[in-house]
1. As a footprinting exposure proxy, order 44, 28 by other Cβ within 10 Å, with the fewest listed first.
2. Order by neighbour count: 27, 4, fewest other Cβ atoms within 10 Å first, most last.
3. Would you mind ranking 12, 67 by Cβ crowding within 10 Å, fewest neighbours first?
4. Please work out whether the stretch 46-87 counts as rounded, prolate or oblate from its C-alpha gyration tensor, where a ≥ b ≥ c are the square roots of the eigenvalues and a/c under 1.5 means rounded, while otherwise a/b larger than b/c means prolate and anything else oblate?
5. Multiply the residue separation of residue 10 and residue 65 by 0.36 nm, subtract the distance between their alpha-carbon atoms, and state the gained length in nm to one decimal.
């Protein structure tokens, strides 16, 4: 099961806020040829969702969740500011 820390959920909520809380959009974990990336997309019926303060902030499809099983999404502070990490 993928774990998303509260700090990561807060960071995603901040990203959505900067995107002016576009209705129906959330951060999506997208599978690429080289790993994963994040994007803003609408929720799909088969998605697993993660919320922060009652608002969906993260969505992921079943295939992505299988690949990230037993992983944790968190936030690390870097020289460039906070960044989401998977560990």
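Read-outs throughout are calculated quantities, based only on the coordinates presented, and are distinct from any laboratory measurement. Computed from a predicted model, the values in this text were never measured in an experiment. Glycine gets a Cβ as well: all are built from the backbone with ideal geometry, and neighbour counts include every protein chain shown.
1. Final ranking by Cβ density, sparse to dense: 44, 28.
2. 4, 27
3. Starting with the residue having the fewest Cβ neighbours, the order is 67, 12.
4. Taking the square roots of the gyration eigenvalues as a ≥ b ≥ c, the stretch 46-87 is oblate.
5. 17.8 nm
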